[in-house]
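Data first, discussion second: the structure below is written as structure tokens.
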Amino acid sequence: MLFDTSGGWFMGKRSKALNPTKIIAITFAVIILLGTAALMLPIASRSGTSCGLRPALFTATSATCVTGLVLYDTWTQWTGFGQAVILALIEIGGLGFMSAASFLIFLLRRKVGLKQRMIMAQAMSLTDLRGVVRLQKLVLFGSLGIQTAGALLLFVRFLPEYGPWTALKWGVFHSVSAFCNAGFDILGSVQPGIGMMKFQSDPVVLLTLSALIVVGGLGFLVWQELATERSFRKFSVYTKLVLITTGFLLLGGTVLFCILEWNNPNTLGAMSPGDRILNAFFQSVTVRTAGFASIDQAALTDGGKAVATVLMLIGGSSGSTAGGVKTVTMVVLLLFIAARARGKETVCVFKRTIPSSQVMDAMTIITILVGLAMFGSIFICATSPFTFVDALFESVSALATVGLTAGGTPLLSVPAQILIIIYMYFGRVGVLTIALGFLMGDKAQERFQYAQTKLLIG
């Protein structure tokens, strides 16, 4: 996508035919392809030779879709140039390409036209154009400020032990990766594949990363209300649901991981009580689309993997750097089930009625993701040396753009790797954006209806 001096966007001769949904999906694909080309350069690999198309495409997709699944250890495989490319893809993919584009618009003091406002709103999962430019500024400058603060905290922590240059690199890279819920790390210089297990007894590192992950996963609309209203009673119903659900998932996940993994010697069992609680909390945070691992995911009990899979599927909140079906989407489904179980036709929360169309949207998104997760699990089992539990873990991790693996992503067959690439793209751009945005961009008016019929249900 290109920017012209008149403040407009164009993508060739057919730009007028492309709606914002299609522009976002296509632009993400273009960014992935550009990242793939950059990572294929010999200068990007430590071996001095090109890594080839498939590994580069897999890594570029994982970075742009802020997933974190990798075929190779990031530090071991990629040079400083390759790591810089990955970091840029994470930033663009996490905040959305419109944030980078908006930065140019604001810098050049150009007028933001209707087309740009529509794309901004679509990229942030908004349905209203009012205040979208103000929110985009908050997203852009707020994100940079939060990431800078996180990088400084990590820099100060790493400085005494690793020196200024390593502390700076680690601070910046991991702050961006955490805030964007990407899960990439460059700790392979210490030990390839060790990840955040290196710091599983370090509350400064784990809590700093946790704060960045949670803030990044709340959603930009929630940021705006937190910055302006500053009172829970004045928050919108959506913001209230996000905050309550996020708190419940963090606390509930911590408790469940403590119960299920407390005596597991391969995860929490060998730690002190304080470190067990710290790592259970970090696990509860990171499985909801961040992808850092302070404990060995492959060593989790089946119960621990099941809890992690559910949390991965739920993910963060709409309009954020996180993936998954989203917190409020899951809440709407649960409220609908509770209402129907009581024989009610309407779904209500905080003395407000949720439109039936949104209830159907929530059911559609969850059904699509669960169906894709099951298909992916079966496909991975059929083509790779994975158990079903580990295959489901891998499939949901890709769809929810988490990046955790319980079976070892490098063990995936070539067909399974291609499926994971597709799933990561689906997860970031959004199932609803792709499946419904492309297929139903021009909705036809229903001119007639068939007569109703009744079926036996249940």
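Since every read-out is calculated from the coordinates, none of them should be taken as a lab result. As the structure is a prediction and not an experimental result, all values here were calculated from the model. Every residue, glycine among them, receives a Cβ derived from its backbone with ideal geometry; neighbour counts consider all protein chains shown.
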Which order do the peptides 311-324, 348-361, 163-176 take when ranked by the mean count of other beta-carbon atoms within 10 Å per residue, highest first?
311-324, 163-176, 348-361
Ordered by residue, what ³J(HN,Hα) values in Hz, to whole numbers, does region 277-283 give under the Karplus form 6.51 cos²θ - 1.76 cosθ + 1.60, where θ = phi - 60° and Gly and Pro are x?
5, 4, 6, 5, 5, 4, 4
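State whether region 222-332 is rounded, prolate or oblate according to the following rule on the C-alpha gyration tensor (a ≥ b ≥ c being the square roots of its eigenvalues): a/c under 1.5 gives rounded; otherwise a/b larger than b/c gives prolate, and the remaining case gives oblate.
Verdict is prolate for region 222-332.
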Residue separation between V237 and R447 times 0.36 nm, minus their alpha-carbon distance, gives in nm 72.1 nm
Where Lys and Arg each count +1 and Asp and Glu each count -1, what net charge lies around S143 among other residues with Cβ under 12 Å from its Cβ?
0
Neighbours of A322 by Cβ distance under 11 Å: Lys/Arg at +1, Asp/Glu at -1, summed charge +3
Sites E345 and D302, calculated FRET efficiency, Cβ-Cβ separation with R0 35 Å, nearest 0.05:
0.35
Less than 15 Å Cβ to Cβ from F388, Lys/Arg counted +1 and Asp/Glu -1: what total charge do the surrounding residues give?
-2
Global geometry of region 169-294, whether rounded, prolate or oblate, following the gyration tensor of its Cα atoms and the 1.5 cut on a/c
oblate
Long-range amide H partners of V347 with built H, under 5 Å:
I354
Cβ crowding within 10 Å averaged over residues, with 298-308, 210-220 ranked highest first:
210-220, 298-308
